[in-house]
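Below you'll find the structure, written out as structure tokens, and then a few comments.
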Amino acid sequence: MGLRILIVDDSSAMRAYVRATLEDSFGATVEEATSGFEALRVLPRERFDLVVVDINMPNINGLELISFMRRSETHKETPLVIISTEASKRDRERAFSLGANAYLAKPFTSEQLLETLEQFRTEG
């Protein structure tokens, strides 16, 4: 069975791009959430092998979502990959300090995405 992945991004185009890449290359089962708030509704119902999350979203942003997940017994070990237009050193450090496992700056290619996520496919 393939990976179960949650994509959390308010951009429908970005969710579609990431989803297509992961389904085609990893055979992953992909769920989508359009916001951190929606992700908080999905996470208690399911376990995921990986969560790909944008930082900049309305209501609950990606950093707040990471913080919540790292405090959750169910999701504290779930690998988290940040995808964001925020590429400054400070943003990266903040994401890693909250518990992100990887950080990919937008725009990125499908090859860069797969290379970043490959480590989580082999660990799981």
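The values are calculated or read from the model by the stated rules, or taken from the named source; none is laboratory data. The model shown is predicted, which means the values in this text are computed figures rather than measured ones. A quick note on method: Cβ atoms are made from the backbone with ideal geometry, for glycine too, and the neighbour counts reach across all protein chains shown.
Structure notes:
- Residue match in segment 13-20 (condition: surrounded by fewer than 18 Cβ atoms within 10 Å (Cβ to Cβ) and assigned to a loop (DSSP other than H, G, I, E, B)): no
- Residue in segment 83-97 that is at pLDDT 95 or above, surrounded by fewer than 19 Cβ atoms within 10 Å (Cβ to Cβ) and either in contact with a helix residue (DSSP H, G or I) (Cβ under 8 Å, 6 or more places away or on another chain) or small (Gly, Ala, Ser) (or both) present: yes
- Residue list for segment 85-101, filter: part of a loop (DSSP other than H, G, I, E, B) and of a type in the set (D, E, K, R): 86
- A single entry from 104, 113, 63 fulfils the requirement of being outside any loop (DSSP other than H, G, I, E, B), under 19 Å from residue 15 (Cα atoms) and touching a strand residue (DSSP E or B) at 6+ places or on another chain (Cβ under 6 Å): 104.
- Matching residues in segment 66-84 - criterion: being in a helix (DSSP H, G or I) and within 14 Å of the chain's Cα centre (by Cα): 66, 67, 68, 69, 70
- Single residue of segment 21-59 satisfying the filter (outside any strand (DSSP E or B) and of a type in the set (Ser, Thr, Tyr)) that is farthest from the chain's Cα centre (by Cα): 25
- Positions within segment 41-60 being surrounded by fewer than 18 Cβ atoms within 10 Å (Cβ to Cβ) and more than 25 Å from residue 111 (Cβ to Cβ), in sequence order: 41, 42, 44, 45, 46, 47, 58, 59, 60
- Filter result for residue 120 (part of a loop (DSSP other than H, G, I, E, B), within 16 Å of residue 7 (Cα to Cα) and not basic (Lys, Arg)): no
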